[in-house]
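To start, the structure itself, in structure tokens.
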Amino acid sequence: MNPTLRLAVFALLDKEMNNHGSWCGETHLQKATFVLQELLGAKTGYDFILYKYGPFSFEVRDDISLMRANGLIDVIVRDPQYGPSYVPTPFAEVFLQRFPKTVEAHHAQAKFVAENLGSKNVSDLERIATALFIRKRSKVKSRERRAEELVRLKPHISGPDALQATKDVDVLAERSKALVMHAHG
Amino acid sequence: MLRDSHHTGVAYGKFDHYRLIDEIRILPSNESPTEPALGIEEGGIYSAEALALARYFMFSQVYYHPIRLIYDRHLKDFLAEWLAKGDLFTGGTFSTKIEEHLHTTDNEVNAALLLAARNLNAAGHDSACRIVERKHFHVLYERNPSDIVLHSNPGEVIASAAAKQFGEKAIRYSKPKIKDTATDFPVKTRDGRIAPAISVSHVLAKLKPAAIDYVFIDPELLRTAEKWLAEERKKILEVAAKEEQEGDRK
């Protein structure tokens with residue numbers, strides 16, 4: 001996917017996440033992009049590593065800066081007690097209209113991610129995204145062993161929470177199957 | 001930044017670092033209140049604003065100044081041609097062996113630059129002359145916000161059209177990586193609450209990363225190219241915008 005189309009997919013995801021009530025801070029966008037790419041098969045090509053709060057991509061961070069510089073997103077403070085949010089600008093809508101095919105191809109996927117992650121907070125997203133990271137990158141198949149791996153990687157996550165996050169990811173993967181197949185044509 | 005500001009003779013990079021250091025605190029993170037993060041007391045917010053502005057100015061006026069960028073490009077062009085000749089290392093690149101790498105200094109490169117600039121037949125002669133004799137390429141186009149409305153990458157489009165019109169050798173394109181200003185740090189307000197910096201400072205809230213995009217041209221063609229661009233820019237961008245949308249539909 002070329003960098004401009006990738007930016008269109010990212011702008012679409014940001015719009016959907018905001019529409020579905022997400023706080024839309026950087027962590028929310030990082031995890032949503034990870035799920036869109038790894039679970040739903042969007043060909044965004046971001047390189048993710050396991051970082052402080054779970055999967056993280058420096059390229060996603062760069063694209064957030066690029067979107068700000070290009071006037072596609074604005075930074076706002078919804079509540080001074082928490083971190084800032086990234087909201088689409090009116091120009092983002094004009095920008096998205098330039099790429100109708102890309103928007104159409106990714107709309108259902110972005111909406112699925114937003115519907116399922118929009119209400120999650122940073123801690124929820126860290127657990128779910130890390131559980132997905134393990135599911136995709138580890139050879140361990142059993143749910144219990146993956147939950148143990150999640151606790152090993154993120155010791156502040158309790159055993160029951162890790163098991164629940166692993167289960168949630170399996171459910172999400174099952175429910176997203178039709179969309180993944182659709183995305184691959 | 002203070003060092004760079006001092007040695008380049010510009011005042012943009014200066015800020016009250018003594019006050020800023022005095023006000024730095026370890027505070028609960030904006031992302032997760034149980035996580036520590038580097039923040040400041042509210043009294044230091046003006047120094048933090050000055051740092052952010054200094055960084056913004058240093059990038060736009062010094063680090064990403066068009067003349068610095070084009071010299072960077074001429075040097076890269078020279079190095080690629082000079083190294084490809086294989087006089088210094090076989091393989092056409094700098095050595096990746098540690099000892100050999102450490103033994104290569106600016107002296108070898110500067111000497112090669114001078115020799116290449118004086119010898120018409122030397123590898124990298126043209127680029128070397130541009131550096132040594134200050135005959136660098138000049139700015140033909142720089143990013144304009146109104147062009148972004150037409151096309152996502154106006155600089156790239158103009159560079160491509162200019163290369164077709166004046167030849168690849170006469171055009172260089174530079175789009176350095178965007179450097180954002182870290183404004184997402186916690187601030188301890190005077191009443192003891194913790195807030196994100198952008199909610200305390202209107203300056204930080206408004207500060208956007210600067211996107212920089214330049215098309216350079218051989219100085220001998222500058223006047224002709226400026227006239228050509230003034231006449232063709234809108235058309236070039238409109239055609240490219242149409243192609244961009246058609247590319248999406250393929």
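Each reported figure results from applying straightforward, stated rules to the coordinates on display, with no laboratory input. A quick note: this is a predicted structure, and the numbers were derived from the prediction, not measured. When we count neighbours, we look across all protein chains shown, and the Cβ atoms used for this are built from the backbone with ideal geometry, even at glycine.
Note on chain B: Cα Rg divided by 2.2 N^0.38 Å, N the number of residues, gives 1.31. Phi angles of the range A:10-17 translate, via the Karplus equation with coefficients 6.51, -1.76, 1.60 and θ = phi - 60°, into HN-Hα couplings of 5, 5, 5, 5, 4, 5, 5, 4 Hz per residue; Gly and Pro are given as x. Eigen-decomposition of the gyration tensor built on the alpha-carbon atoms of the range B:1-146 gives equivalent ellipsoid semi-axes of 42, 21, 15 angstrom, largest listed first. Kirkwood radius and radius of gyration were both taken over the C-alpha atoms of chain A, and their ratio Rg/Rh is 0.96. To the nearest ten degrees, helix B:106-118 and the longest principal axis of the Cα atoms of chain B are 40 degrees apart.
Database remark: amide H of A:Gly25 closer than 5 angstrom to the amide H of A:Tyr86 (H placed geometrically; neighbours at sequence offset of 5 or more, or on other chains; Pro and chain starts carry no H). Charge dipole (Cα centre; +1 on Lys/Arg Cβ, -1 on Asp/Glu Cβ; no other charges) of the range B:90-239 amounts to roughly 520 debye. The order of A:Thr44, B:Thr181, going from fewest to most other C-beta atoms within 10 Å of their C-beta, is B:Thr181, A:Thr44. For the protein assembly as shown, the alpha carbon convex hull comes to 192 Å³ per residue, rounded to a whole number. Any chance you could check the Cα centroid distance between the range B:58-123 and the range A:1-70 for me, in angstrom? Result: 37 Å between the Cα centres.
Excluding same-chain neighbours fewer than eight residues apart, the lysines reachable from B:Lys14 by a Cα-Cα span under 30 Å are B:Lys175, B:Lys177, B:Lys179, B:Lys188, B:Lys206, B:Lys208. Computed from Cα positions, the angle between helix A:122-137 and the longest principal axis of chain A comes to roughly 70 degrees.
Contact order for the range A:3-184, expressed relative to its length and based on alpha carbon pairs under 8 Å spaced 6+ residues apart, stands at 29 percent. Here is how the number arises for chain B: DSSP H runs of 4 or more residues each give -39500 (n - 2.57), the sum is divided by the residue count, and the result at 222 nm is -15500 deg cm²/dmol. The calculated FRET efficiency for B:Thr96 paired with B:Arg190, based on their beta-carbon distance and R0 = 51 Å, is about 0.40.
Hey, in the GNM for chain B with a 10 angstrom Cα cutoff, which one of B:Tyr173, B:Tyr46, B:Tyr64 fluctuates hardest? With Cα springs under 10 Å in chain B, the top fluctuation among B:Tyr173, B:Tyr46, B:Tyr64 is at B:Tyr46. Computed from phi, the 3J(HN,Hα) profile of the range B:44-52 under the Karplus parametrisation 6.51, -1.76, 1.60 (θ = phi - 60°) reads x, 5, 5, 5, 5, 4, 4, 5, 4 Hz, with x in place of Gly and Pro. Electrostatic tally near A:Asn70: other residues with Cβ closer than 12 Å to its Cβ, Lys and Arg +1, Asp and Glu -1, net -1.
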